[in-house]
Amino acid sequence: MIKMSLKEAHELAVSCLSKNGCDAVNAQAIAGRMIQAEGDMCHSHGLFRLPWYAKGVKSGRANGAANPSVEQLAPGVIRVDGDMGYAPLGQEVGHQPLVDCARENGIAALAFVNMFHIAAMWPEVEKLANDGLCALAVTASYPYVAPAGGTKPIYGTNPIGFAWPRPDGPPLVFDQASSSMARGEIQIAARDGHAVPETAGIGPDGETTTDPNVVLAGAQLGFGGYKGASLAMMVELLAGPLIGQFLSIEAKADDDGRGGAPLGGELVIALDPAKFGDAQGFLAHGEKLFEAILAQDGTRLPGARRFANRKKTPQEGIEIPESLHRDILDLM
Ligand code: NDP
């Protein structure tokens, strides 16, 4: 493993992205998101993705000089066009308009469109909850997950992120794939030679397997069987047809075998609790739920792992596999 500080990791990402065709503002935004993920030890959205991103820009498929634009479609609906760049810059640009719109209307939706690889949902929803809002975010990707009872992939691993503000400290945040496992985690298991749980997926023959390579060649499964599959279906509809963006099957056809990041959209919904009738009480009321959960041995709140890691990594730094470090240097 190669150890580095968060600052060194950030500089490495900026440098690699810049040398492959990103302008400074896009390189900073993308690197910022990657290192935020590394800092929380969410490796599947960290430097692991850097070679893929750099190759996408170098090939000309992703716009390294994207200039995202904001448009108000209705009093409570905003659209941010990512200008065919990677998602982080558009997400930065869209944040404040969404906050303002939610505060004005009580509820607001933001449709992110024409962006490559909308990664983890927690950065979006956590930032909104830090501004006192409740938030929900969804995105689709490529077809990796079979429909309930089927064997061929149709849905993305379609994550759902949710955040709720808290009076002290970071918000309550969960962010989970609707598949049994995130794709990146299966890829990392394949890279590192680890088995995956039997619930992760099936091979091309439709049989369950613990071999990550066989799952990658076959189909992943929704978490909890048909229930996870229905959530994946909902995400496809909200992040695709609702906002005029690709379904996962269409994103794959658009990529046309290039192996690049998926092009598509993200729907983020923000709610201002001050406008829902219990502006004074909702925070304390929510805390009552968290206290009841944490009173039980063996529980923790979602997000707690990331927040604990976030305190450690600025001092301890991060580690990435030597092979990944070499791949990154080879691109520079
Ligand atoms: P996990 O299964 O690791 O975690 C899902 C959520 O559950 C997290 O909020 C986690 O909090 C929480 N959690 C985990 N264990 C517990 C526990 N014991 N008690 C309470 N809460 C718990 O995540 P996934 O593998 O499903 O997804 C990983 C990431 O990948 C997500 O950020 C997701 O957005 C992203 N993703 C992106 C996709 C895309 O197409 N862009 C597709 C699929 C996933 P904590 O973080 O604190 O552990």
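Could you identify the single residue in Ala54, Ala31, Ala24, Ala102 that is over 21 Å from Ala140 (Cα atoms), free of Cβ contacts under 8 Å to residues at least 40 places away in the same chain and open to solvent by less than 50 Å² (accessible area, probe 1.4 Å)?
After applying the criteria, what remains is Ala31.
Only residues that are open to solvent by 20 Å² or more (accessible area, probe 1.4 Å), more than 23 Å from Glu124 (Cβ to Cβ), outside any loop (DSSP other than H, G, I, E, B) and in contact (Cβ under 8 Å) with a residue 24 or more places away in the chain: list them for segment 231-269, please.
Scanning segment 231-269 gives Ile249, Lys252.
Select from segment 287-332 the residues that are assigned to a loop (DSSP other than H, G, I, E, B) and within 10 Å of the ligand (Cβ to nearest atom) and list them in ascending order.
Within segment 287-332, Gly298, Thr299, Arg300, Leu301, Pro302, Gly303 qualify.
Anything in segment 174-201 that is open to solvent by less than 10 Å² (accessible area, probe 1.4 Å) and either within 6 Å of the ligand (Cβ to nearest atom) or under 13 Å from the mean Cα position of the chain (by Cα) (or both)? List them, or say none.
Within segment 174-201, Ser178, Gly184 qualify.
So, Ala119, is that one within 8 Å of the ligand (Cβ to nearest atom), modelled with pLDDT under 95 and touching a helix residue (DSSP H, G or I) at 6+ places or on another chain (Cβ under 7 Å) or not?
Yes; evaluated as a whole, the condition is true for this residue.
In the list Leu271, Leu263, which residue meets the criterion of being more than 15 Å from the ligand (Cβ to nearest atom) and at pLDDT 95 or above?
Answer to the selection: Leu271.
Could you please find all residues in segment 69-90 being in contact with a helix residue (DSSP H, G or I) (Cβ under 7 Å, 6 or more places away or on another chain), of a type outside the set (A, V, I, L, M, F, W, C) and closer than 20 Å to Ala251 by Cα?
Gly82, Gly85, Tyr86, Pro88
Out of (1) open to solvent by less than 70 Å² (accessible area, probe 1.4 Å); (2) at positive phi; (3) not hydrophobic (A, V, I, L, M, F, W, C), the odd one out for Gly281 is which?
(2)
Would you point out which residue out of Ser141, Ser44 is among the hydroxyl-bearing types (Ser, Thr, Tyr) and surrounded by fewer than 23 Cβ atoms within 10 Å (Cβ to Cβ)?
Result: Ser44 is the single residue among Ser141, Ser44 that is among the hydroxyl-bearing types (Ser, Thr, Tyr) and surrounded by fewer than 23 Cβ atoms within 10 Å (Cβ to Cβ).
Would you confirm, using the coordinates I've provided, whether Gly156 is within 14 Å of the ligand (Cβ to nearest atom), closer than 23 Å to Leu47 by Cα, surrounded by 17 or more Cβ atoms within 10 Å (Cβ to Cβ) and small (Gly, Ala, Ser)?
So Gly156 passes the test.
Filter segment 193-230 down to residues that are in a helix (DSSP H, G or I) and touching a residue at least 24 places away in the same chain (Cβ under 8 Å) and give me whichever is nearest to Ser178 (Cα to Cα).
Here the answer is Gly228.
The values are calculated or read from the model by the stated rules, or taken from the named source; none is laboratory data. Since the structure is predicted, the reported quantities are computational estimates derived from the model, not experimental observations. Reconstructed Cβ throughout: ideal geometry from the backbone, glycine too, with neighbour counts over all protein chains shown. Keep in mind that these areas ignore ligands, DNA and RNA; they rest on the heavy atoms of the full protein, side chains included. Shrake-Rupley method; radii C 1.70, N 1.55, O 1.52, S 1.80 Å.
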